[in-house]
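Everything below concerns the one structure shown next.
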Amino acid sequence: MMQKVMLSITTRPSSVILDFLAPFLLDRASRKAFSLTASRFKPEHSLKFTESSDSYKKTINVVPSFRGLEATQVDLIKKGQAQLLSGHDKNDTSQILGALRLLDGRQLLHALPPPQVEESLKLLLRELSVGRLSLSDEELYMRIALQLAKSATPSTDALCTFMLLRLRQNDFTAVIKLYDEYLQGLGGEQIWIAGDEEDEFISQHAGLVSDAYDKGVRVTPGRMTLLLIVIAAHAIQGSFESALQTSLKAGIRLYPPSVNSFLAANFAHDPAFSEKFKRFIARLDVARMISHPTSLSKHVTNLATNNSTEPLESLYNSIADGLFGPDAYIAPEPSQKTAKKIVALTEVGWATFLSAFLRHRRRDLASKLWSDQLALDVTPGVSLWTTLIDSYGAMNEADDALASWNMMKAEGVRPDALTYRALIAALFKGRQRTEALQFFRSFQNLPSQGVPPAHLLSVYNTVIDGLLFLKDESAVQALLEEMEKRGPKPDLVSYNTLLAYHARRGDFKGLARTVGRMAELKVVGDVYSFSTILSALLRAGRDDAPDALINIMRKQGIKPNVATYSTIIDHQMQSPTTKTFETVMRLLHRMEEDAAAQPNVKTYTCILAGLDRVEGVDFKRKNEWRKEIVSHMKKRRIILNEVTYNILISSSLKLPSPEGLEQALSYYREMRRRKLPSDTTWYVLFLGLLRRENWAVAEEMISDMSVSGHRPSVAVKHLVDKIQQLKK
């Protein structure tokens, strides 16, 4: 166990106390244990079922499928269908039940259109729920409900109704069995089809979960309800581990609006259980995020960009709640996983939180994280120490970075190449040149065998960057010569660092020397190299910047083509100014005149995507530019693709005038005619309309999506729920 220490820094007259690393033996604050004890739920009111309407009469006109059937079978199907219609007309459940038995017994039920069967089954289940039918035909109901849920046009309404009925009867085993049989019957098909897109709007709430994994997730209507029903069954029994397994298998986030709607419909009479269920879901949410370390790290990094640390702290506290206590369900590291702790926080996860806390200079939170690790018998490894040193470097606290290094060594942790890189970078940033070079020489004296080449080069390139930060170009040239002779050989990053230095200084002779040296060594520039040169030319006021850049590229033996041009344009449009945009348009015109480098849809899309990022220009002017670019595309008969349309719709909806809305809808109608709308299209539309608070058009789009048969992702469904909630 590490003790409180005061480290004297020999390279500085002052001493530094690493305050947050010192108090490791502080008493850990008592954590309120989380307990979901089993409580058999007996609702005061019947669970809610969809009321009957004339929907069955609408489906009766749908012709059954007689393909491949014998005449006697066709006659039976017609007889059964007529009996169903008569039963519905007379509200005679015995006729309906008799028809279903007849067709199911002859294995002909599949020939009827699923909506007809479903409406019939739902009527029977409604009667069953109020005690007007017995459970003697339970197997029939269950078999039909499962068949409907797994059909070519799946509908889970009847299965949801049957599972809710079983939940009401406290038959939790039956609920879980039905759900498992449903999964098995899918034959390996995923319930949820996950994507990897992100959005910034729905991530602005609580901060307790990441949406990075959810935006591309497709959910068949009703399947979310099935998942909530089976989790409710586990929750009433107090079986968090079983609910966690079920939730992780589904792999999606259960959004609060969906949870609240489910509870309002089925547990409004039991607020105590509703609150317990919400806590249950919150824990499942955290576990789901922990199970995707990359998504977790990305989410924490995004939260760190906020001005407030409240969402970040809230997320960490939620994870800490799952790490400690008798009801802990998160392992502090993969090696400590158990039957109860089936998800684990990784070293990268710990490091990302540490970096985020220190980025906000919250040493109190960093201290808590460090002491939590030790209390959980997790020894901070080299990655965490490297993150700590890196964070101090980012805060320009070189003394603390060096003190951390000394403490790490005292703990017996061996630094790797990346740790050296972090310390050297921190010392250079703190203008401690002598100390930085001392550690660099120490690193050079270490055996390089086994060190990943990329890590090795990163140390050398950090030294190059540090020396240039201190404007010691001669030392950099000496180091580059040493690298060329003894290794590791300078790479493109090495020369790009030098190019950026000359570009910042407006030193065109230095740029020319570096480009010449790259040519001699056959180091071919990349988009960063040429964009750096182009930016330098623009800052110098060179009107011939595009021509000068192309000449430089040709001297390097690079013949610009559509891919080269498009990549440079894309890079320039990441942080564009009016001057940058004008230059990009000149490059575009040059491409249009060059038969060997004709712009394609990707070229134009790069420009359109960057227009919203141009600073100091109003929406109206940007819209004029946008129209000009689209006009170029149409003249050249370049067909807009889905990505281009989505960008145009998003940009148009940001235009505050009515023209923006009409423009967006015009693009949407073009997409609809061409059958192009995707989940991303619906997301962009609903997000833009939500921000504009245009509820009427939003409702029209929701109706369009429903008619189209599109299966929305979880994120799109969340936006739809939010629109319908706010428009009230």
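What the table shows:
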| read-out | value |
| --- | --- |
| In region 482-531, the trypsin sites (Lys or Arg not before Pro) that fall in loop regions by DSSP, at most 15 other Cβ within 10 Å | Lys522 |
| By accessible area with a 1.4 Å probe, ligands and nucleic acids excluded, highest first: order of Lys555, Lys78 | Lys555, Lys78 |
| Set of lysines with alpha-carbon distance to Lys555 below 16 Å, sequence-local pairs under 8 removed | Lys509, Lys522 |
| Rounded to the nearest 10 Å², the accessible area of Glu624 at probe 1.4 Å | 90 Å² |
| Nearest-10 value in Å² for the accessible area of His571, using the 1.4 Å probe | 70 Å² |
| Estimated dipole of region 407-527 in Debye, rounded to 20 [Cβ of Lys and Arg +1, of Asp and Glu -1, Cα centre] | 180 debye |
| Cα long-axis angle, helix 138-149 against the chain (0 to 90 degrees, to the nearest 10) | 40 degrees |
| Spatial extent of region 328-428: Rg and Dmax, with the Cα atoms as the point set, Å | 14.1, 48 |
| Cβ-Cβ FRET estimate between Lys654 and Arg711, R0 fixed at 30 Å, reported to 0.05 | 0.65 |
| Mean projection area, nm², convex hull over Cα of region 598-667 | 4.4 nm² |
| Leading residue at positive end of dipole, the chain (Cβ point charges), from Gln449, Val527, Ala158 | Val527 |
| Value at 222 nm in deg cm²/dmol, rounded to 500, when DSSP H runs of n ≥ 4 in the chain each add -39,500 (n - 2.57) | -20000 deg cm²/dmol |
| GluC sites (Glu not before Pro) lying in DSSP loop within region 390-457, provided at most 15 other Cβ fall within 10 Å | Glu411 |
| Length-normalised contact order of the chain in % [C-alpha pairs under 8 Å, at least 6 apart] | 10 percent |
| Separation between Cα centres of region 339-361 and region 508-525, rounded to whole Å | 43 Å |
| 10 Å binning of all Cα-Cα separations within the chain, expressed as whole percents from 0 upward | 2, 11, 16, 19, 19, 15, 9, 5, 2, 0, 0 |
| Per residue Cα convex hull volume in Å³ - calculated over region 240-337 | 127 Å³ |
| Whole-number percent relative contact order across region 324-443, with pairs defined as alpha carbons under 8 Å at least 6 apart | 18 percent |
| Which of Ala500, Leu303, Thr93, positive extreme of dipole for the chain (C-beta unit charges) | Ala500 |
| Relative contact order (%) - criterion: Cα under 8 Å, at least six apart; region: region 213-345 | 18 percent |
| Nearest 10 degrees, 0 to 90: helix 240-250 Cα axis against the chain principal axis | 80 degrees |
| Cβ-Cβ FRET estimate between Ser134 and Glu670, R0 fixed at 56 Å, reported to 0.05 | 0.45 |
| For Ala344, distant residues with modelled amide H under 5 Å away | Ala331 |
| Which listed pairs, of Lys122/Lys727; Lys298/Lys429; Lys79/Lys177; Lys620/Lys717, have C-alpha distances above 29 Å, in listed order | Lys122/Lys727; Lys79/Lys177; Lys620/Lys717 |
| Signed unit charges on C-beta, dipole axis of the chain, positive-most listed residue Ala149, Val562, Leu69 | Val562 |
| Globularity index of region 366-499, i.e. its alpha-carbon radius of gyration over 2.2 N^0.38 Å | 1.10 |
| Net charge over other residues, Cβ less than 9 angstrom from the Cβ of Leu521 (K, R count +1; D, E count -1) | +1 |
| Cα long-axis angle, helix 223-237 against the chain (0 to 90 degrees, to the nearest 10) | 90 degrees |
| Tail fraction, Cα-Cα pairs, region 657-728, threshold 22 Å, whole percent | 14 percent |
| In Hz, Karplus ³J(HN,Hα) per residue of region 684-694 (6.51, -1.76, 1.60; θ = phi - 60°; x = Gly, Pro) | 4, 4, 5, 5, x, 5, 4, 5, 7, 6, 9 |
| Cα-based Rg / Dmax (Å) for region 466-616 | 16.3, 50 |
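The values are calculated or read from the model by the stated rules, or taken from the named source; none is laboratory data. A quick note: this is a predicted structure, and the numbers were derived from the prediction, not measured. Using ideal geometry, Cβ is built from the backbone for each residue, glycine included, and neighbour counts are taken over all protein chains shown. Side chains are part of the model used for accessible areas, which takes the heavy atoms of the whole protein and leaves out ligands, DNA and RNA. Shrake-Rupley method; radii C 1.70, N 1.55, O 1.52, S 1.80 Å.
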